[in-house]
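Trainee: Next up is a structure, given as structure tokens.
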Amino acid sequence: MDKAIVKEIFLLILEVIKAFCEMICKGIKSFFSLIWDRFFGMADVSSIDKAEEQEWGVTGEDTWPTAPKAPSVKHEEPKPQLERKEIIPAPEIPELPDGYGDNRIVLMVRDPEWLFTYWEIRKEVMNNVLNTFGSLAHSAKIVLRVYDVTDIIFDGNNAHKYFTIEIPGGARSWYIHVGEPSRSFCVDIGFLTPNGTFRILSRSNTVRTPRAGISEVIDETWMSIAELYEKINIDAPMGLGISESVFERAHKGLADILKEGVSSSDSPASSPISKK
Amino acid sequence: MEKGYLSLILHAHLPFVRHPEYAEFLEEDWLFEAITETYIPLIDVFDKLIDDGIDFRITMSLTPPLISMLTDPLLQSRYIRYSEKRINLAEKEIERTKHQPDFHRLAQMYHRHFTNARYVFSEKYHRNIVKAFKKFQDMGKLEIITCGATHGYLPLMNSNVNAMRAQVHVAVNHYEKHFGRKPRGIWLPECAYEPGVDKILREMGIRFFITETHGILFASPRPKYGHYAPIFCPSGVAVFGRDMESSKQVWSAKEGYPGDFFYREFYRDVGFDLDYDYVRPYLHGDGKRTNIGIKYYRITGKTDHKEPYSYEKAMDKAAEHAGNFMFNREKHIEYLSTVMDRKPIVVAPYDAELFGHWWFEGPDWINFLFRKIAFDQKTISLITPMEYLEMYPVNQVSTPSLSSWGYKGYHEYWLNESNDWIYRHLHKAAERMVELAKAYSRIHENSLQNRALNQAARELLLAQSSDWAFIMKTGTMLEYAMKRTKEHLFRFTKLYDDIRSNKIDAAWLSDIEDKDNIFPDIDYHVYQ
């Protein structure tokens, strides 16, 4: 055979392989953008307008924020760069399942002001609850009810206060702005009818937001750890009452650090895995 | 006598990346780059300090995945191949640049750099550089601390205390196997703490850990000395807080030393700068241009125009910056010592890979800093957290606040729209692992079932690595992080189903045991 033809065929095969690789690459990219869009889409839905509709149950306290802000992710977080260095001819990995057949809602803390929750509700549980509404079933909406359960054993009725977030159909997770550091929260997912009837589908675990400032508690307890790792409590506090000045100095730059985040993730220089 | 202490802590970590199924793999370069540019230069600095009789103290976390890779024969032999290629390219570069003195000198520098790396790696430490670090620890210069088994983000798996405990338990056992004693300290993955984590550390006999500054400052009751002295959690585990001032000087994009115009420019690499056909043999199979590790320019300024790098001038700068860092710590500690009734400790932790990999001159900066501290001043001494605890065994009791060293100081970098989808799967897998460990608590040690259960534990741990969530957020190498998360979860779920239905696929199990071979001695009962 002519050498030129062989070369042509070879190049053609090469092109086909290249195109195939690009297809795989695009597939992964579009899968990611699907997830990305979904979450951004979700964040969009929970916009400020929505949040402002939230009304407080029980007697509202002045300190409780009246209009939780929606996650402001879109403008501050650029789209991830989808450049890749090498096409990995990975064997096909099956997609993760949509669910596990559970009926549960899980609550997580993100920071002093925000919680994250995800859930999975069984169809039959939904239908059972909807059936109890009779003719109102079609107008029932899925909502999250966020309870402040700080320092109580929550029985469903004794929360300090609560608010309700309407969830668009299809959402499976949500960021909740509670705006209150150092408080405990619990979330119910359920149906709410226009006449105010709420029926629970699942109740979450309880979480506590962290403190966002210096502790008001200034009692001092001291401890000594012996070599055997036994605790010995020391009665007399040591030293002089000079901690305030140390503390103030230590605290001076703190606002900056929290704002700028002098950290591995923020620095231009980090471990090799974050290199461009 | 010194008036206070500086505790330098380097967190050395890379996620477990090992792909025997491919002849070569791009992401394995993370390890090879870190060996060449960070770990070996640090070993050289420590060895030379010891040779010169200079006393020093430093603390390093060597994470279990990093130790596992550094002691893995396949990756060790691949590193030799990697370093041979670099030496070969440097030789060509010496020839190519013979009429350009500025570049020629640098080519020679890289040649020395690479040949030295090969020597230290293969001959001096017989391919196992973990032994170098162990040597420094045994000499009392270095305190090696542990980390989560796979750098799992503990507070984001808090729905399952067994899962958190397994991360610590497996890490402690792994440490003991490599260093002949239990770890005394731990670097919590991403510095992420929430009240309660310390109880798990206490169970494992860990004496101290480090939190971000506000972990201590927001602790309750209010710590009398701020973060300039450790506190004891009610569990009795000591906590040291990161000092933000010293962190900023090194880390900060704006004010940090690594941005100096005389330092080496990371982003101008021959992998991108030179003729394609010339560099092609040093690129990966797909032929895409990547960093090769020879970089000829200095940062120069905020401009695309770059001047050739001068090693001598950069060394002058590193010495100057070491002096500046020391001066600031001296002033800081002098002040603190006037308001405290004990010697303050300033804790300065950094990612180890910053030194050498990103900040090429970083290891030299440490070298200069340690020598200056030894000879040029009397205000500060280097110390490890453990030594400080031995000196001051009585400390205030206080519960640190939830915190991490990530962006904004909490969990957001690992829990946001780019990566939150992983948690429902990770939590489910952890729950199932505990279920398996309880249901199959008495299994014959050599049975197939036992192997499957142990492999399930490995797959869960690998899926939990916080690196995947981190990469999903940064957006670079995204597909790889997604692939790894899904792959380990898939393998875990298949093992779960197979164990449950008593249909273990022996051939497939052998295959993934070979691929995900981390923690050969793992015992799934840690999940009980």
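Trainee: Between B:T115 and B:N328, what length in nm is gained on full extension when 0.36 nm per residue of separation is reduced by their alpha carbon distance?
Mentor: 73.0 nm
Trainee: Quick check: from the Cα gyration tensor, does the range B:387-496 come out rounded (a/c under 1.5), prolate or oblate? Let's see the in-between values first.
Mentor: Numbers: a/c = 2.55, a/b = 1.25, b/c = 2.04.
Oblate is the answer for the range B:387-496, as a/c is 1.5 or above yet b/c matches or exceeds a/b.
Trainee: Would you work out the relative contact order for the range B:208-357, in percent, from Cα pairs under 8 angstrom that are 6 or more residues apart?
Mentor: Numbers: 177 pairs, mean separation 34.3, N = 150.
Dividing the mean separation by the residue count of the range B:208-357 yields 23 percent.
Trainee: Carbon and sulfur together cover what percent of the accessible area of chain B at a 1.4 Å probe radius?
Mentor: 50 percent
Trainee: Shifting gears a bit: Find how many whole Å separate the alpha carbon centroid of the range B:219-269 from the alpha carbon centroid of the range B:169-206.
Mentor: 21 Å
Trainee: On to the next question. Loop only per DSSP, at most 15 neighbouring Cβ atoms within 10 Å: give me the trypsin sites (Lys or Arg not before Pro) in the range B:203-269, ordered by residue number.
Mentor: Numbers: sites: B:R207, B:K224, B:R242, B:K248, B:K254, B:R264, B:R268; in loops: B:R207, B:K224, B:K254, B:R268.
Here the trypsin sites (Lys or Arg not before Pro) that fit, given the DSSP loop and packing criteria, are B:K254.
Trainee: Could I ask something else about it? Under the rule a/c < 1.5 gives rounded, and otherwise a/b versus b/c splits prolate from oblate, where does chain B land using the Cα gyration tensor?
Mentor: Details: a/c = 1.83, a/b = 1.11, b/c = 1.64.
Oblate.
Trainee: Can you tell me the relative contact order of the range B:416-527? Whole percent, Cα pairs under 8 Å, sequence separation 6 or more. It would help to have the intermediate numbers written out before the result.
Mentor: Numbers: 94 pairs, mean separation 41.8, N = 112.
Answer for the range B:416-527 is 37 percent.
Trainee: Sum -39500 (n - 2.57) across every DSSP H segment of at least 4 residues in chain B, then divide by the residue count to get the 222 nm mean residue ellipticity, nearest 500. Please report the intermediate quantities before stating the final value.
Mentor: Details: 20 runs with 250 residues, N = 528.
Roughly -15000 deg cm²/dmol at 222 nm, from the helical runs in chain B.
Trainee: Now for a different question. When ligands, DNA and RNA are left out and all protein chains stay put, how many square angstrom of accessible area per residue does the range B:6-92 have with a 1.4 Å probe? Don't jump to the answer; show the numbers that get you there.
Mentor: Details: 2020 Å² over 87 residues.
Per-residue accessible area for the range B:6-92 comes out at 23 Å².
Trainee: Of the GluC sites (Glu not before Pro) in the range B:391-448, which ones lie in a loop per DSSP and count no more than 13 other C-beta atoms within 10 Å?
Mentor: Sparse-neighbourhood loop GluC sites (Glu not before Pro): B:E445.
Trainee: Once both labels are modelled 7 Å past Cα along the beta-carbon direction, what's the B:K438-A:N131 spacing in nm?
Mentor: Computed distance between label sites B:K438 and A:N131 equals 3.0 nm.
Trainee: Amide H to amide H under 5 Å from A:I218: which residues, 5+ apart in sequence or cross-chain, H placed 1.01 Å off N in plane?
Mentor: Excluding prolines and chain starts, which carry no amide H, the hits are B:R222.
Trainee: Also, quick follow-up: Roughly how big is the A-B contact, given as buried accessible area in Å² (both sides, 1.4 Å probe, nearest 100)? Write down the numbers at each step before the final one.
Mentor: Numbers: alone 20310 and 21260 Å², together 31740 Å².
Looking at A and B, the buried total is near 9800 Å².
Trainee: Also, quick follow-up: Just to confirm, what accessible area per residue do you get for the range B:416-527 at 1.4 Å probe, in whole Å²?
Mentor: Details: 3530 Å² over 112 residues.
For the range B:416-527, the per-residue accessible area is 31 Å².
The values are calculated or read from the model by the stated rules, or taken from the named source; none is laboratory data. What you see is a predicted model, and the numbers here were worked out from it, not measured in a lab. Note that each Cβ is placed from the backbone with ideal geometry, even for glycine, and that neighbours are counted across all protein chains shown. With ligands, DNA and RNA removed, areas are computed over all heavy atoms of the protein, side chains included. Shrake-Rupley method; radii C 1.70, N 1.55, O 1.52, S 1.80 Å.
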